[in-house]
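Colleague: Take this structure, written in structure tokens, and hold onto it; I'll ask about it next.
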Protein chains: 2
Amino acid sequence: MPNQKQPIEQTFVALSDPTRRAVVQKLSEGSATVSQLANPFKMALPSFTQHLGVLEDAGLIVSRREGRSRVCSLNPTALKDAEEWMASYRQQWERRMDRYEVHLETVKKETSND
Amino acid sequence: MPNQKQPIEQTFVALSDPTRRAVVQKLSEGSATVSQLANPFKMALPSFTQHLGVLEDAGLIVSRREGRSRVCSLNPTALKDAEEWMASYRQQWERRMDRYEVHLETVKKETSND
């Protein structure tokens with residue numbers, strides 16, 4: 001049941017593998033055919049296309065047929081969604097820490113004025 | 001050999017699980033003890049503490065002993081590193097697309113001037 005996962009989950013699962021991260025990195029330089037992408041990896045083509053399938057299911061890449069080749073491109077939306085997920089909790093924590101520091105500073109001043 | 005993975009890999013592996021993402025989300029609101037964190041989950045404590053171990057190994061959380069409790073806090077650095085990893089490739093792709101659009105626009109103008 002591949003579509004029951006949350007999209008953010010699929011993004012993190014997809015990026016937890018070094019081959020798949022290398023594909024994302026390569027595609028950030030421009031679109032490429034499956035053979036061009038597979039070339040640097042010492043891996044059987046069926047295993048490599050499985051990795052591409054995981055990336056495509058996660059929405060990290062899109063592919064289209066061009067003649068006899070399949071051309072893959074990066075889809076930045078899934079990356080942006082995951083970035084925003086992480087940034088929201090990081091920023092919430094940082095704002096909380098900032099307020100805590102202001103509070104400590106106030107307590108310090110009040111104590112020194114006593 | 002838990003330390004042989006790249007840190008970015010550990011971050012994505014850690015965030016690929018819904019329980020661990022829920023812990024990150026909870027800790028963004030402030031530090032919490034292991035019992036406070038475990039409370040909403042219908043899970044045996046040893047399984048839950050394993051999840052905390054994965055988050056701590058990935059550098060996403062830190063923990064300290066306070067009396068008889070262990071208190072966990074978010075460590076925003078690992079989130080920021082993963083955000084930056086994703087943003088760098090997304091932005092590289094977006095810059096490439098911008099240049100491509102400018103190029104298409106130029107070709108279009110040159111063609112209409114012929």
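Colleague: Whole-Hz ³J(HN,Hα) for each residue in the range B:91-108, computed from phi via Karplus 6.51 cos²θ - 1.76 cosθ + 1.60 with θ = phi - 60°, x for glycine and proline: what do you get?
Modeller: 5, 4, 5, 5, 4, 4, 5, 4, 4, 5, 5, 4, 4, 4, 4, 4, 4, 4
Colleague: Over the range B:47-114, with every protein chain in place, what whole percent of the accessible area is carbon and sulfur at 1.4 Å, could you tell me?
Modeller: Details: 2100 of 4430 Å².
Percent of accessible area from carbon and sulfur atoms in the range B:47-114: 47.
Colleague: Under a 10 Å cutoff between Cα atoms, tell me which one of A:Glu83, A:Glu29, A:Glu101 has the largest fluctuation in the Gaussian network model of chain A.
Modeller: A:Glu101
Colleague: Relative to 2.2 N^0.38 Å, what does the C-alpha radius of gyration of chain A come to as a ratio? Two decimals please. Please list the in-between numbers first.
Modeller: Working: Rg = 22.0 Å, N = 114, 2.2 N^0.38 = 13.3 Å.
The value comes to 1.65.
Colleague: From the backbone phi of the range B:17-24, what are the Karplus-calculated ³J(HN,Hα) couplings (6.51 cos²θ - 1.76 cosθ + 1.60, θ = phi - 60°) in whole Hz, Gly and Pro given as x?
Modeller: Along the range B:17-24, the couplings run 10, x, 5, 5, 5, 5, 5, 4 Hz.
Colleague: Can you compute the helix-only [θ] at 222 nm over chain A? Use -39500 (n - 2.57) per DSSP H run of at least 4 residues, normalise by all residues, nearest 500 deg cm²/dmol. Walk me through the numbers before you get to the answer.
Modeller: Working: 5 runs with 75 residues, N = 114.
Only helices count here, giving -21500 deg cm²/dmol.
Colleague: Of the residues A:Val13, A:Val71, A:Val102, which exhibits the maximal mean-square fluctuation in a Gaussian network model of chain A defined by a 10 Å Cα contact cut-off?
Modeller: The residue that fluctuates most here is A:Val102.
Colleague: Could you work out the mean count of beta carbons from other protein chains within 10 Å of each residue's beta carbon in B:8-19? Spell out each step's value before the answer.
Modeller: On the way: counts 4, 5, 1, 4, 10, 5, 2, 10, 10, 3, 4, 0.
Mean partner-chain Cβ count within 10 Å for B:8-19: 5.
Colleague: Report, by chain and number, residues whose modeled amide H sits under 5 Å from the one on A:Ile61, excluding near sequence neighbours (fewer than 5 apart, same chain).
Modeller: For A:Ile61, whose amide H was placed from the backbone, the distant partners under 5 Å are A:Glu56, A:Asn75.
Colleague: Read phi for every residue in the range B:68-76 and hand back ³J(HN,Hα) as whole Hz from Karplus 6.51 cos²θ - 1.76 cosθ + 1.60, θ = phi - 60°, with x for Gly and Pro.
Modeller: Taking θ as phi minus 60°, the curve returns 8, 10, 10, 9, 9, 9, 6, 10, x Hz for the range B:68-76.
Colleague: State in Å² the accessible area per residue of chain B; use a 1.4 Å probe, count heavy atoms of protein chains only, and round to the nearest integer. Mind dumping the intermediate values first?
Modeller: Details: 7060 Å² over 114 residues.
Roughly 62 Å² per residue, with all protein chains present.
Colleague: Okay, moving on. Using a 10 angstrom cutoff on alpha carbons, build the Gaussian network for chain B and name the most mobile of B:Ser47, B:Ser73, B:Ser63.
Modeller: Sorting by GNM fluctuation, first place goes to B:Ser47.
Colleague: Which distances, shortest first and in nm, link A:Asp81 to the matching position in the other copies, using label points set 7 Å out along Cα to C-beta?
Modeller: 2.6
The values are calculated or read from the model by the stated rules, or taken from the named source; none is laboratory data. Just so we're clear, the structure is a prediction, and the values are computed from it rather than from any experiment. All Cβ positions, glycine included, derive from the backbone under ideal geometry; neighbour counts span all protein chains shown. Side chains included, ligands, DNA and RNA excluded: accessible areas come from the protein's heavy atoms. Shrake-Rupley method; radii C 1.70, N 1.55, O 1.52, S 1.80 Å.
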